[in-house]
Amino acid sequence: MKIWLDGGLRDIESARVSVLDHGLTVGDGIFETVKAVDGEPFALTRHLNRLSRSARGLGLPDPDHDEVRRACAAVLEANPMPLGRLRITYTGGHGPLGSDRGDHGPTLVVAIGETTRRPDSTAVVTVPWTRNERGALTGLKTTSYAENVVALARAHQHGASEALFGNTVGQLCEGTGSNVFVVLDGEIHTPPLVSGCLAGITRELAIEWTGAKETDLPLDVLQRAEEVFLTSTLRDVQAVHRVDDRELPGTAGPVTAKAMRVFDERSGHDLDP
Ligand SMILES: Cc1ncc(COP(=O)(O)O)c(C=O)c1O
């Protein structure tokens, strides 16, 4: 396996980042996960734009898009696989042990892992912990993801593949690595960005392609929605067949099934929408 680290391809076994990298010591970093089908990245331009937004939010230097594109192309070419999870990580770099950032410049890593297509439907749980819709990191895709690690482990303990958060005022927000949509009276709704959710690329595309509305929704909407689905880079559009103890009828309800079809068609036609 070859990865990109600071300017070139390296063997994953010998690639080394400082043990004092600020990404490691304090979670001072950002990332993107990009789907790669047969060596082609999906929606890379949107991912690079979000990487820049996250960098700006953290006060990191703007990543060089040309370099990141070169790195992605090199990693994809060196590691052929049918379905890949391309992971771009960009950190504050070698720094002091405290929260002040050093001046050695950022670390850029592009790695890839093979994956398989997700099942068409899944189970989710809600968790008692909240997303903070007013935090310094709200809306940024940072490597400070340990809250998601804890919540996802809770989901797995309950036989689910995703944990859903409400925010501090009890509104539905998002999953650990996905956005959430509900169907009410036959119409698709998803929480607005002010709920504190990440501006998911798949969420954005699903809104554009299905006409879903951005609506403030209480967390307990999950107990009455006709259908629920998730979106993310590696889930695309994925139906939810169980929320906590509530079973939803069928695998994918009619509205979700249509959204899945539309997403497959549109994303199949344009790799960089
Ligand atoms: C917290 C969070 N919300 C939502 C998403 C979905 O975003 P995307 O569709 O860009 O993968 C992600 C990314 O995986 C995420 O980490």
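The values are calculated or read from the model by the stated rules, or taken from the named source; none is laboratory data. Bear in mind that the values here come from a model prediction, so they are computed numbers and not experimental data. Backbone-built Cβ (ideal geometry, glycine too); neighbour counts: all protein chains shown.
In the stretch 244-273, the residues that are over 20 Å from ARG224 (Cα atoms) form Cβ pairs under 6 Å with partners that are in a strand (DSSP E or B), at six or more places apart or across chains, as follows: MET260/VAL237; PHE263/ASP236; PHE263/VAL237; LEU271/GLU40.
Of all the residues in the stretch 104-122, those that are assigned to a strand (DSSP E or B), of a type outside the set (A, V, I, L, M) and over 30 Å from THR256 (Cβ atoms) number 1.
Within the stretch 5-55, being under 14 Å from ALA111 (Cα atoms), within 16 Å of the ligand (Cβ to nearest atom) and out of contact with any helix residue (DSSP H, G or I) (no Cβ under 7 Å at 6 or more places or on another chain) holds for PHE31, THR33, LYS35.
Residues that are near the ligand (Cβ under 10 Å from one of its atoms), in contact (Cβ under 8 Å) with a residue 24 or more places away in the chain, small (Gly, Ala, Ser) and outside any strand (DSSP E or B) do occur in the stretch 204-214, at least one of them. If the condition is being under 22 Å from ALA257 (Cα atoms), more than 10 Å from the ligand (Cβ to nearest atom) and among the hydrophobic types (A, V, I, L, M, F, W, C), then the stretch 181-201 contributes PHE181, VAL182, VAL183, LEU184, ILE188.
Taking the criterion of being within 19 Å of ASP244 (Cβ to Cβ), crowded, with 24+ Cβ neighbours inside 10 Å and under 13 Å from the mean Cα position of the chain (by Cα), the residues of the stretch 164-204 that qualify are GLU174, GLY175, SER178, ASN179, VAL180.
Being touching a strand residue (DSSP E or B) at 6+ places or on another chain (Cβ under 8 Å) and modelled with pLDDT under 95 narrows it down to one residue among GLY200, GLY196, GLY211, GLY250; which is it?
GLY250
When restricted to residues that are more than 14 Å from the ligand (Cβ to nearest atom) and either at pLDDT below 95 or not in a strand (DSSP E or B) (or both), the stretch 167-180 contains 3. Output the number of the condition that LEU234 fails; it satisfies all remaining conditions of (1) surrounded by fewer than 24 Cβ atoms within 10 Å (Cβ to Cβ); (2) on the phi < 0 side of the Ramachandran plot; (3) away from the ligand (no atom under 12 Å from the Cβ). Here LEU234 meets the rest and fails (3). Residue count for the stretch 229-247, restricted to those that are part of a loop (DSSP other than H, G, I, E, B) and in contact with a strand residue (DSSP E or B) (Cβ under 9 Å, 6 or more places away or on another chain): 4. Can you tell me which residues in the stretch 145-166 are within 11 Å of the ligand (Cβ to nearest atom) and either charged (D, E, K, R) or under 19 Å from GLY29 (Cα atoms) (or both)? Correct list: TYR145, GLU147, ASN148, GLU162.
For the stretch 249-258, the count of residues that are within 24 Å of THR116 (Cβ to Cβ), among the β-branched types (Val, Ile, Thr) and either out of contact with any helix residue (DSSP H, G or I) (no Cβ under 6 Å at 6 or more places or on another chain) or within 12 Å of the ligand (Cβ to nearest atom) (or both) is at least one.
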